[in-house]
Structures are given as structure tokens and as C-alpha cells.
Number of protein chains: 4
Amino acid sequence: MAQFKKVVLAYSGGLDTSAIIPWLKETYGCEVVAFCADVGQGEDDLKGIEEKAIASGASECHVVDLKDEFATNYIYPTLKTGAIYEGTYLLGTSMARPVIAKAQVEVARKVGADALAHGCTGKGNDQIRFEGCFAALAPDLEVIAPWREWSMRSREELLAYLSERNIPCSASLTKIYSRDANAWHISTEGGELEDPWNEPSDQVWTWTNSPEQAPDEAQKITLTLDKGEVVALDGQSLSPYEMIASLNELGATHGIGRVDIVENRLVGMKSRGCYETPGGTILLAALRAMEELVYDKRTRDWRETVGQQFAHLVYDGRWFTPLKDSLLAAATSLADDLSGDVVLKLYKGHVTAIQKRSPNSLYSEAFATFGEDDVYNQKHAEGFIRLYSLSSRIKAMKQK
Amino acid sequence: MAQFKKVVLAYSGGLDTSAIIPWLKETYGCEVVAFCADVGQGEDDLKGIEEKAIASGASECHVVDLKDEFATNYIYPTLKTGAIYEGTYLLGTSMARPVIAKAQVEVARKVGADALAHGCTGKGNDQIRFEGCFAALAPDLEVIAPWREWSMRSREELLAYLSERNIPCSASLTKIYSRDANAWHISTEGGELEDPWNEPSDQVWTWTNSPEQAPDEAQKITLTLDKGEVVALDGQSLSPYEMIASLNELGATHGIGRVDIVENRLVGMKSRGCYETPGGTILLAALRAMEELVYDKRTRDWRETVGQQFAHLVYDGRWFTPLKDSLLAAATSLADDLSGDVVLKLYKGHVTAIQKRSPNSLYSEAFATFGEDDVYNQKHAEGFIRLYSLSSRIKAMKQK
Amino acid sequence: MAQFKKVVLAYSGGLDTSAIIPWLKETYGCEVVAFCADVGQGEDDLKGIEEKAIASGASECHVVDLKDEFATNYIYPTLKTGAIYEGTYLLGTSMARPVIAKAQVEVARKVGADALAHGCTGKGNDQIRFEGCFAALAPDLEVIAPWREWSMRSREELLAYLSERNIPCSASLTKIYSRDANAWHISTEGGELEDPWNEPSDQVWTWTNSPEQAPDEAQKITLTLDKGEVVALDGQSLSPYEMIASLNELGATHGIGRVDIVENRLVGMKSRGCYETPGGTILLAALRAMEELVYDKRTRDWRETVGQQFAHLVYDGRWFTPLKDSLLAAATSLADDLSGDVVLKLYKGHVTAIQKRSPNSLYSEAFATFGEDDVYNQKHAEGFIRLYSLSSRIKAMKQK
Amino acid sequence: MAQFKKVVLAYSGGLDTSAIIPWLKETYGCEVVAFCADVGQGEDDLKGIEEKAIASGASECHVVDLKDEFATNYIYPTLKTGAIYEGTYLLGTSMARPVIAKAQVEVARKVGADALAHGCTGKGNDQIRFEGCFAALAPDLEVIAPWREWSMRSREELLAYLSERNIPCSASLTKIYSRDANAWHISTEGGELEDPWNEPSDQVWTWTNSPEQAPDEAQKITLTLDKGEVVALDGQSLSPYEMIASLNELGATHGIGRVDIVENRLVGMKSRGCYETPGGTILLAALRAMEELVYDKRTRDWRETVGQQFAHLVYDGRWFTPLKDSLLAAATSLADDLSGDVVLKLYKGHVTAIQKRSPNSLYSEAFATFGEDDVYNQKHAEGFIRLYSLSSRIKAMKQK
């Protein structure tokens, strides 16, 4: 078996990565540097994490604040493409992986590591996303995926493994759900969700109110867009991260952004997940509303194509590829005209664009109404229709 | 100017087509046969319509019940494709046009007409849809579109025109909105909607409760699907039309199916419309939920492509084309596995699939959970990832 | 290590599969049944193959004639889709894999085998194609891929292995190229081709004349199409297989169908291959020419989409999937109108459609020429253009 | 009828536009400024054109050299997208229209014109392309399309019209073909081509040798690419226009670039055209060869999508749209890696890439061959295949 000198581990402070530290040291005879990405998963998860890592046997622990980087260079560009995976999933976990993997490689370079490790299971998408990024950014570094190598399979075994080594761990023996949280979303899998014929119980949802619990009073907010980026909330300029955080609060209050889906994992199996994306759902609604005013029929259709491609790319962990550059170039160009204001109504799980305006709007009251105007002569329609349906006419005449 | 012997007019009993009857007779010296399609627009619209047509000068009036035909051969097949126009519009008016146009041509053949007429405006999509169908089905018949020919431009003028001829008409002088209703939806345009910066007023919505008005108690229903068709509601078999009618009632009660959008018309301009599609929104949710269980990643993606193409085809009035046959063949084949049950929760504007099961489900609890199983060996993932990211790795190594 | 009772091996009579027979017996303690598919690779390859298999240790050898099945149910349907991989490759090897795999599974069922084996390398596409088909058709049978398991890596080792066991083998020590032949094509890889900066030498091409060697006299042939299938050559009805065989002869004489490409394998690496597909290139030219007459703009575009999808599907070994059924349903529907005659000129590597006609042609001399006609009124063009460019006009006016 | 002060006419010096000058003056009481675009159509066409325009009644004649602009800003960017219309047509006429229209608008602005005129027929694509560009660039200027307005329909009538006005014209009474020439191509329509069952006669082709006439000796050339642009021929740096001109000579000699197709015009009818694009065919072959080395599977597929979209966009005259910007942004990003050398063999109508190399090549002899290497472990293939075919396996197991 290969031996390594120094391994940088994507460390979360949870049970799995706590056990991975000693396991790596024992298995590969290496020093382990813990790397912890702050992508907005919340202060509880990060509090005391450095001490925890050292206590588990790490030689160093690097906590890197990636919140702005994540919001600005991953979430906002993805929003411009309109990407949604399989019609529903807003890619919260998927978008976070490349920003984390990139920072992890940077730490590895700084500390002179010869390998990278992660705590992803062998059945999920995240292993592919991490390792796909590693392949693109650091093909010279080895990758260690303990869950594919060791024989431990349960929380009991992990807890016993730690206890044998006198490594303190506050993890409980039972954990119903598997969750992933960041500035954009929380995902929940496992427990009763494993049978799609079960309705999710209330414990599944940890962030947002249910529509039932949400206030009976609707709330209206105004979002201002500039070139496809939402830049102000009710007139106040906010950075991408601040905007997401503010809208998360509003969305969570009003029960916005819950979805419960069975999706196709890249590894070929299906999984069922419940996602809460309160702010993201609001942002997407604002962008869609602006598109309605600004894109013509073909341009909108093309944006749809770009978004569908981008959704697969992000979900499938291919961020650091030439295809990503090309798709983002297309989307950024499209977003050039997406400027204006959208008023959104938040009410019991709904976010509805009720007012929208843009200096680049192609909507014209004068043209759309039924009276005459200078630009559109109704008589032109006849010619349009004759040519538009000409091939049908020819075909029909031939068949007679 | 051309003269015609007998013209079949798509007649609704409203102000416009009431005026068109005498106008056609005077302008073309022809007999006018009124044709009235019952596509589920409601009994009020149809009551006494034959008398009205005769009173307006029609020589005959044919009312044809197309409700089952519409539901079975237009709506249900379109549902299998998953078509939604510009991400939002469920194509209610668009799907109705070909079934009406086809029946109108059949009446024309029966009565030996030499021309067809409709009351569509020169600025809208419907003229294209009607005339596109006419071109495919009856290229030998002439088409008359009075709104593109006559000089009348207002309700006042039309009312005066009728009054001069002593033709009774109950139409009021002012009418704020322009609406289109059928078994699938009601659309509303005009009035304050003409400025997208205006929120729709309460008068816009005539069918569905608002989420605010909807019951505080959620309701759960079970829909059974067979090969992509929803065939039973809470265990009771229903024909497509009966199913749509039943779900319309449920959806309208629970405030389901309202959308307010600015869309791209085929004629190149934008228009703003509010749509109510209560039953349709429920049907679509059921189909989407079943897809989640049954389609693999690539199959789902292909269905998305088929649906996007079909949405444009239907919206753009190209129903009677070889492209429609090909798209429907693809969709029908895909729908073969879409059988099973979906439980939906209806609550204040939401329709949420909370339980789903299918004999053809590709979801397997055994595979998706994190323990070992026979089919999926976690060690396989390493090989998958290595090959999946191989081109990234090669590219990165070349660049060093 | 697993033990098997009876293994059915896809056997070619070449060095690799000759060695696999004893290796399987020794490694798995199993009986080996040789299965040899006749997909038109030529009589030389098949002569005495049963004796050879028995001499190598097989308990039985089943030679199955799949030529008609291959031509009728794999090649002709694929042709209807217009599938070409990466713009150039006519999928000769890819299409043959599913027909072979299906017959191999049928033999396995007949003889009661518990495993399937093939001689594909671990770096290529064919292992994926075979095993993808096995997964769909016989998920209960184990698959053995000796090249991924044993340690032998060279012809020397294989020859030594056979010689140690006194198994006769006429294979030579050196073999420059790796080839695959069937009724549709011959592919050649390896040797000097491994450097894309090398021009292929003359030895690469074994079937077709070079354009330089081809006759100086052009030859004209007439192909008759019926619903997307080429059914007659110069008026003589031929089955799909007979047609391919006849056109192969003509094409090979005239130097038609050579391509030399670097392609993307599904396993993530690139490979360089030279392909000879003489008859196929002629068939494709005939279908393309007929499409020109029959498909309108949108229909042709859709066929292109279907073809691109199908090319990936076939190349990637996903024949026995619901996606294949859907794509073929779409293509078969499209092909309904592809009937008529095409005259093709064969000359020094060129196949050129010089005359084409179809009862379903949408081409009309009367419309296309510049004089007046009844169907097309030039004044209609103004209206078409005004509406077609309306969104550009609105955008430009807004920007002023 | 509208009256204009000053009209800028796209003037070619041919019979049609010679007659249009006096017709515009008489019909609209306006001054006519002739505008003549030099897009490389050849010196013969341009010699004495200013005198001719003045003699026909123009007040001024502006000849603008657009050759470099055409090659650099229209042809080379389009090449990066890989756009080919309906699989065959290299868009020679289509790409020239926007560069001409833009320069025409610039002349109109300079001379203070209030209208633009062109000599395109009412049945073709060019009227749409010109007027689509005018709508985007100068929505305030009126457009006059005499062929859609006047009643003249034949060369006889035009010649008589000129002769009545004593305007000299060297045009002959009969002209079999309609042609369009520029730096990129020559197109030929009409005459015997109007029946697709007729083979094109020798008179159709005016630029290229036939394969039969081409030299019996092949010629090899080396093209150097930099970021998707062909920048050197046999080591000599050339501007885009110079490159096209040089390759045109080589291609014409070797009989390269002839196609004979029936295509779908945007106006809904089919037309048959013969195109000669000698240099363009060579350029495209060089780019395709480089793509083979540089693009991975998904990237290549995306380029195909971009190219298909761009082909329709250019053909349909939508150059000055946001969609064009987005597509070109995507293509330019993709082209970043397209650098290297391609050796092409020119022989009797064939252009074949026989050698290719790139610093960005993803091809690796080490990986592609069948021995072991460090990057690719054949054992990885098993895992890849298991996951890749997992959904097929699950489906098959469920069906048992």
C-alpha cells in the first residue's frame, strides 16, 4: 500500500472526518492537515473546530472563509445560466463542492502535501465532484477516499474506533438523517425518506417554516437587478453573500423553498432528498421575471439550453472544465440586458413576481394592445402566416 | 375583391363574431354557417348560441361537442411530452386551436363551403394557429380574417354596426379584459395587466380561489397513472375529460394553478397574461412525480428536450405537421413506464407530491442507503471517477 | 474468487479469445462454450472456427448467423436516425455490439450458463457496450473480462501461454494493427496511427481502393427509398443485408468511405482510428439527399437532434434502453415520408447525389422560381419580415 | 404613397439595381445614392461601377471595401462556431448580408438618407437578412424592396424600362442562372437546376475545377491554427482575407468545395443551389481536425450545438441580436485551445487532414495503446461500467 507524507483532509468536525484523521495516520503513516471550509453552514458547525481537529490528531487545522467566494463566483454565475437540475433541485451541494475543492488544493500546495482526502461515501455524487476537481486542479496529488477503503460501515463502529483511541467525540450513536448545509441550502436524506411512499415528517425540515406555520400576512419586497445579478433589496445594496443571507431569512419565515424529490445521481442510482433553499428560490424567481421582459423567444430558448447543460455540468462535478467556461461566457453575455426591478410577494410558501420593469424590456403596451400603432401593422400578419405555414400548405397540396 | 359562396365561421356568440356574420355577408356576398366548438368553456357561453347565430344572420349553426376529443387527443398526449411554454404557460389556448380548426374544416366539408373565417385579432397567436391548421388540412379553402381587413377598431364601432342592422346583442360597451376559457384553463389579458408594473387586481381571477381564500385545511388525493395517463382519482376511474373536470374543481378550491407572466408571442411581440389552470397544474405535478421514480438521468433529459420542442410546436400552431407525429411518437414511447400512484397534497395554492410509487420505479432503498449491497460495490466508484474525470486529468497534466 | 459452472465466451478465433478459453477453465474451474457471431466479417475469419474452438478447449461452439438481423434491426434503423458519431464515424463497431451481445445471452440461456465472457481490452469502448447490454438483458449472469483480470499484456505472453498448453494457434508474433470487421465496416487502429502526426500508410486500408487507384470512369447508380429504407439498387429489390453487400462492392471499387479520425472514447481518452465504410457511406448519401426534398426546416433540424442523440447512444453502448425506443420511435415516424429515387455518382472517393425525386417532395419548381404563382405572393414577404424582425426592431427603438 | 428625400440603394451594377435607380426616383421623388460593397466578388463586377451608377441616375456612388471586415469579423468568427446550414451549406451568401447591411446603414447616416433600398426578390432569404439587419441597426429608416412593389417580372421588361429612359445597360436579354459571388463562395441557382432530377451541367460551375479536371498529383499544405483562427499557410502568416484568397486558389485548382443541394429557405419553400466554396472547405477541414485532438466528448458535443444554432441564426438573418453575442461568446471561449498544425492533402475534390498536432491535444499515445500506464488502470474500467450501466441493471432486475 502507498505511503504518504502529508495529507490534507476536507474536515467537517463530524463523526466521519473525526475518525478519518487517526485512520489516515495509521493507515498511511502520514501527517494529517485538517482543512475546514466555511461556506456558510453556520457558526454552530464551526465553533471550536480547530481544537476538535487537533484533538483528533491533526497537525494543523486551516479554517478558510469561502462565503463571499462561494456567493460571488459560484452561486451568482450559476444563477445567470438559470440552471436547475431535473427541473427542481437548485444545486446547493453541487455548487459548493468546487469552491471547497479549490481551497483544499490551495492549502495542500501551501503545506506541501502529497495527497488529498475527503469523507464522502462511495455511493454519492460528492466523491465524484471532489475528485473531478482534484483531477483538474492537482492531477499530481493522490486522492484518499476512506469510505471506499476501510471496512467500517456504521456509526457504532466509528464511535468504537474513536473511543479505542481516546479521541473525544460528541457525536450521538443514532442519527436519523444525513444533512448538508451551506449559505445556499440545507439538504436532508435518510430516515423515513428512504421510502418515497412516505411523506416527509416535520423533523426533516430544519430551516424553513412550513407554509402552514408561515405568517398569514404576505410581505412584498423589491429586488433590483443589474446585468443578471441581484444587487439591491428594497433599495439597499448588498453583496451577493449578504443578499443570499437576507433573502434566506425572509424566505425561511414565509415557508419558501422546500422541495422533496427523487433525483438521479450521477453514479446511476436514484436517491430521495428534501431541500430547503429559501433565498435561492426568491432569487431565481426574480431572475425569471426579468427574463420575461427582456429576452425574445429565441434568446429565452437558448438560455434554457444553456441552463440545462449547466445544471448537468454542476451536478456532475465538471466545474473546472473548458465547457464551464464556454457556458458561462454564453450566460454572461445573455445576462447583459437583465437589469431592472422586480416586486415579489412572499406568502405561505409562494414567491410571486407581481410587478416587473426594465429599461431593456421588449414589452410595449402600445404594441400588445389591440388598437393600431405605428410599428405593427395587422395586415403584416397575413404575410407572416402565409410564409410561416407555407411548407404545411405545400405538403397538403402535394398529398391531394 | 374575391367573392365566396359559403363561409364557415368559428363563432363564439360574443360581440366580435356576432358582427362578423353580417360583415361577411355584406362584404363577400356569401352565406355564413356558424360553427361553435364546445371545448368546455362552460354552459353560460353556449346557452342559446344557435338562436343568437341565426339572429345575427347565419344560415345554420353547428355546435360540436369536442370536450372528449380535446381532453383525449390533445391534452393528454401533450401532457406526456411534459410541454410547458417558456417555463410557465400550460398551453391552454394553444392546445384548443387545432381541435377547433379540425372540426371547423369538417363542417366546411360537410356544408360544401369555399372559405373559412375566424374572429382572431391581427396581433395575436391564434390567427396563426387557426390558419396554420387550415393550411395543413384544407389548403384549397380560402381564409378570411375580418380583424385584419375591416376598419372597425373598437367595441363602440362594433355595437353601432350591429345596431344599424337591428341585430340584437347583449354585449356591454366596456369590457376590461379579454378572456379565453376551455376545459383546461382560463386566460385573462388587458386592463391593468397591460403594464407589467401593475399587480393583477382581484377581478382578473374568475375561476380559482386565491391562496388566501383557499381552505386552511390541506386535502390529500391519490392519482393513479397508467402509461403516462392519469386514469383514476382516489381509486375511481375517470375519462380524461372527467379527470380534468374533477381536478379543476379541487384545484380551484385550493387556489392552485394561477400564473401571471409576460410571454413572447410568435408574432414577435410580448404580451402579459394571467392564466388559471387548476386541474392541469395538478396533473402535471403527478406526472413529474412519477417521472422522478421511473426515468434514468439521460431519459429524463431527453423527455425535457421533447417537451421543450413540443411546447414551441403547440404554441406556434404547428399541430398538423410531421414534426408533431415524431415528437408524440417519442413521448408515447417514453410514457410506457409511467405507471403507479402519486399522493398529492393540495394546500393554499400548492400542489405537492408527498408520496409516490411505481412498479417500474428505478429507486431502490437497498442501493440508495449507505450500507453495502449486492448490486452496488462502493469500490466501483473509484474506477468510475477515474474514467469519468480522465479528460480533465489529461488536460491538467498536459498543461503542467 | 468466484467459481462458475459454465461460461459463454464471445469467441473470434483470434489469439486473445483462444487464450481466454483455457484461462477461463483454469481460473474459474468452468466449462467454456464458445459463441461466434457471424456479422459479415468474412468467410476467412469463420472457416474452421468450430474446430479451432474445440481444439482450444471449448466444450461446444455455436456459430450464429446474425447478418440479416444486424442489417435489418440495427443498421437500417440507425440509418433512419441519421446518426454519425462526432461528425464522421459511421458506428460500424458500435452497432455490431448489441446484436452480438443479445445472441450471446440467448446462447447462455440455451446452455444454462452462469457467466458471460468477452475478449475486449480494458481501455476501449467495447467492454462497456458488451457489459451494458449484458446488464440490460441478463443482470443475473456474471461477466468476466479477462483482459482486466489477468496479468498477460503482450502477444508473446499469450503465445507462450498457449504453447505451454499445446494448444495450436496460427497467430503470428507481431501484428501491427488492431482491426474489427463486419458487414458494415472495417476499422484499423495501432501501428503508426498511434501518432496523429503520421499519415496512414497504405497497409492501413485493406478493403477499399484509394481514390488514386479507383477507376477513372465515374459510375452512376439509382437507389430507391421506401419510408427511409433503401430497398432497390438500379431497380432491383434487395434485402438490407444484400443492399449493404452490393454497395460495399461498388464503394470499395470507387474508393468510397475512408475516414481517418481521432475520436473521444467513452472511457475518457482519445484514440485514432481509420475506418472503411464503403456501402454505408453511399447509403447515407442517398438518405441525406432524400431528406433535402422531403423535410421542412424544423423537421430537418429535429432529425439532426435525434441523430446526434442516437449516435452517442449507440457509441456509448446503451442500445437496450428506453431512450433507444423513444429515439427510434421518433426517427421511424420522421422516415415515413422518405420515399423516392436518388441517382448517385461514384467517382474516386466521391459519392454525389446528382438527381433526386420523391412523391413527397416539398420542392416545387413553380414556387422556387422568381415569377408569380398562386401559392406564394411576394407581397406576403413584407409582413413576414416585419413580424420576424419585430423584436429586433423593438429592441433597437428602445435603445435610442 | 410615402415620399422620401434620399434613398441609399445596395447597388451591384447589374440589371435589377440599374433599373431600381430610376424607378426609385420616379416612384418616390427621391435622390438615390448608390452603395456598392466590395466583399471580394471580383474586379470584373466592380470595374466602372461608379460611372454606371451615375449614368443610371444615382447622385453619388459609394464603393466600400469590406473584404477584410468580412473575413475578420464575419467569416472567421462563424468558423469558430462550426456552423454549417443543413449539414452542407457553408453560409457564403448569408454571412455577407450583415456586413453589407451595416455598411449601407453607415452610408445612409453619412448622407442623411431617410430610406434604404435593396434589389432582393420577394421569394428569397436575402430580403429577410437585409431587412432584419436594418430593423436592428436603423429602425427609423424606411425600407424599399422594389421587387415586392413594382409589377415588372422579367428581364425583358427591365431592359425595356431602361431603354425607354435611355439608360445604357450591357445586360443581356437571357441569363440562365442567378449567381452570388464573394470572397467566400459563388452560388448558382436557376436554369436546369430548377428540377432536382436534373444533374447540374458544366456551365453551373464557374470557379472550381471538377474533380475530373483537377490535377492527378495530390498537393499537401500545412495550416497553422491559433485559438481557432487559421493564421499561417505553409509557415507564412496571412490575414484572414489573404488566407481565404490563397486557399480559394488551391481549392479551385483541386476541385474542392462543390456542393449541390436542395435547402429550406426561411420563407418556407425549398430551393436548389450549387455552391462553390473552395477555400472555406479547406479551412473547415483544418478546424475539424484540430477539434478532434483538443475537445473532449462533451465539449465537442456542445460545440456541435453552438454550431447548429449559429447556422440557423446566420442563415435566417439574425446577426445583430443578443443571441449572436451569446453564441459567439460561447464559441470564442471554446476556440481558446484550438492551436496547432494540420497537414491537409488536396486531391481531386478531396481535402483530407492527414497529420495533426497541438500543444493542447488530449490525445496521448501512452494512454491509447493497450499496454499499462500510470494514468489509466484497466481495472478502473470495471467500476466505470458497473456504475455507467447501473440504471439498466436495476431496471432489468425490477422487471424479472
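Calculate I(q)/I(0) for the range B:179-357 by the Debye formula, one identical point scatterer on each C-alpha and no solvent, and give its log10 at q = 0.09 Å⁻¹ to two decimals. For the requested q values the scattering log ratios are -0.36.
For peptide A:117-125, the mean count of partner chain Cβ atoms within 10 Å of a residue's Cβ comes to 4. Sites listed here are trypsin sites (Lys or Arg not before Pro) in the range B:202-292 whose DSSP assignment is loop and whose Cβ has at most 14 other Cβ atoms within 10 Å: B:LYS227. Listed by chain and number, the lysines placed with their C-alpha closer than 27 angstrom to that of C:LYS345 are C:LYS80, C:LYS220, C:LYS227, C:LYS297, C:LYS356, D:LYS220, D:LYS270, D:LYS345, D:LYS348; residues fewer than eight positions away on the same chain are left out. Helical content of the protein assembly as shown, expressed as a calculated mean residue ellipticity at 222 nm, amounts to -12500 deg cm²/dmol (DSSP H runs of 4 or more residues, -39,500 (n - 2.57) each, divided by residue number, nearest 500). Placing a label point 7 Å from Cα along the Cα-to-Cβ axis, B:GLN236 is separated from the same position in the other copies by 5.3, 6.8, 8.6 nm, shortest listed first. Total buried accessible area between C and B, probe 1.4 Å, nearest 100: 1900 Å².
Distant-in-sequence amide contacts of D:GLN355, defined by a placed amide H-H separation under 5 Å and a gap of 5 or more residues or a different chain, comprise D:VAL343.
Atom-type composition of the exposed protein surface of the protein assembly as shown places 47 percent of the accessible area on carbon and sulfur (1.4 angstrom probe).
Normalised Debye scattering of the range D:22-165 at q = 0.10, 0.13, 0.16, 0.19 Å⁻¹ gives log10 I(q)/I(0) of -0.39, -0.66, -1.00, -1.35, counting only Cα atoms as equal scatterers and leaving out solvent. Partners of B:LYS102 within straight-line reach, counting aspartates and glutamates whose Cα lies under 17 Å from its Cα and excluding those fewer than 8 residues away in the same chain: B:ASP38, B:ASP65, B:ASP68, B:GLU69, B:ASP114, B:ASP126, B:GLU131, B:ASP140, B:GLU142, B:ASP316, B:ASP325.
In the range B:137-253, Rg over Rh equals 1.11, where Rg is the alpha-carbon radius of gyration and Rh the Kirkwood radius from pairwise Cα distances. In chain B, the longest principal axis of the Cα atoms and the axis of helix B:390-399 are about 80 degrees apart. Could you state the angle between the C-alpha long axis of helix A:240-253 and the longest principal axis of the C-alpha atoms of chain A, as a value from 0 to 90 degrees rounded to the nearest 10? Helix A:240-253 sits roughly 90 degrees off the main axis of chain A. Averaging 1/r across all pairs of distinct Cα atoms in the range C:1-89 and inverting the result yields a Kirkwood radius of 14.8 Å. Within the range D:212-294, the GluC sites (Glu not before Pro) that combine a DSSP coil assignment with at most 13 other C-beta atoms in a 10 angstrom radius are D:GLU212, D:GLU217. Pair-distance distribution of the range A:129-179: all C-alpha pairs, bin width 5 Å, starting at 0; shares per bin in whole percent are 4, 15, 17, 17, 16, 13, 14, 4.
Against chain C, whose longest principal axis is taken from its Cα atoms, helix C:297-315 shows a tilt of about 10°. Residue of chain A with the smallest Cβ distance to the axis mapping A onto B, distance rounded to whole Å: A:LYS348, 3. Legend: mean number of C-beta atoms from other chains within 10 angstrom of residue C-beta atoms, peptide D:211-219, equals 2.
With no solvent and one equal point scatterer per Cα, compute the Debye intensity ratio I(q)/I(0) for the protein assembly as shown at 0.07 Å⁻¹ and report its log10, rounded to two decimals. One equal scatterer on each Cα of the protein assembly as shown leads to -0.89. Listed values for the range D:72-77 are Karplus-derived 3J(HN,Hα) couplings in whole Hz (6.51 cos²θ - 1.76 cosθ + 1.60, θ = phi - 60°), namely 7, 9, 10, 6, 4, x, and x replaces Gly and Pro. Name the shape class, rounded, prolate or oblate, that the alpha-carbon gyration tensor gives for the range D:198-299, where a ≥ b ≥ c are the square roots of its eigenvalues, rounded holds for a/c under 1.5, and otherwise prolate holds if a/b is larger than b/c and oblate otherwise. Because a/c hits 1.5 or more and a/b fails to exceed b/c, the range D:198-299 counts as oblate.
Of the chymotrypsin sites (Phe, Trp or Tyr not before Pro) found in the range D:92-155, those in coil by DSSP whose Cβ has at most 15 other Cβ atoms within 10 Å are D:TRP150. When the Gaussian network model of chain A links Cα atoms closer than 10 Å, the mean-square fluctuations of A:THR224, A:THR78, A:THR299 top out at A:THR299.
Within the same chain, lysines fewer than 8 places from A:LYS52 are excluded, and of the rest, those with a Cα less than 17 Å from its Cα are A:LYS25. Projected label points at B:ASN166 and C:SER172, each 7 Å from Cα along the beta carbon direction, are separated by 10.7 nanometres.
Shown for the range A:298-313: residues covered by the partner protein chains by 10 Å² or more of accessible area relative to the chain by itself (probe radius 1.4 Å), namely A:ARG298, A:THR299, A:ARG300, A:ASP301, A:TRP302, A:GLU304, A:THR305, A:GLN308, A:GLN309, A:HIS312. Its alpha carbons give chain B an Rg and a Dmax of 24.9, 89 Å. Per residue, how much accessible area does chain D have with a 1.4 Å probe, in Å²? Value returned for chain D: 34 Å² of accessible area per residue. In this entry, the range A:12-63 is assigned a mean projected area of 3.2 nm², taken as a quarter of its C-alpha convex hull surface. If you bin all the Cα-Cα distances of the range B:251-333 at 10 Å, starting from zero, the percentages per bin are 14, 35, 39, 12. If a/c stays under 1.5 just call it rounded; otherwise compare a/b with b/c (prolate if a/b is bigger, oblate if not). Do that for the range B:313-393, with a ≥ b ≥ c from the square roots of the Cα gyration tensor eigenvalues. Since a/c reaches 1.5 but b/c is at least a/b, the shape of the range B:313-393 is classed as oblate.
The values are calculated or read from the model by the stated rules, or taken from the named source; none is laboratory data. These figures come from a predicted structure and were not determined experimentally. Backbone-built Cβ (ideal geometry, glycine too); neighbour counts: all protein chains shown. With ligands, DNA and RNA removed, areas are computed over all heavy atoms of the protein, side chains included. Shrake-Rupley method; radii C 1.70, N 1.55, O 1.52, S 1.80 Å.
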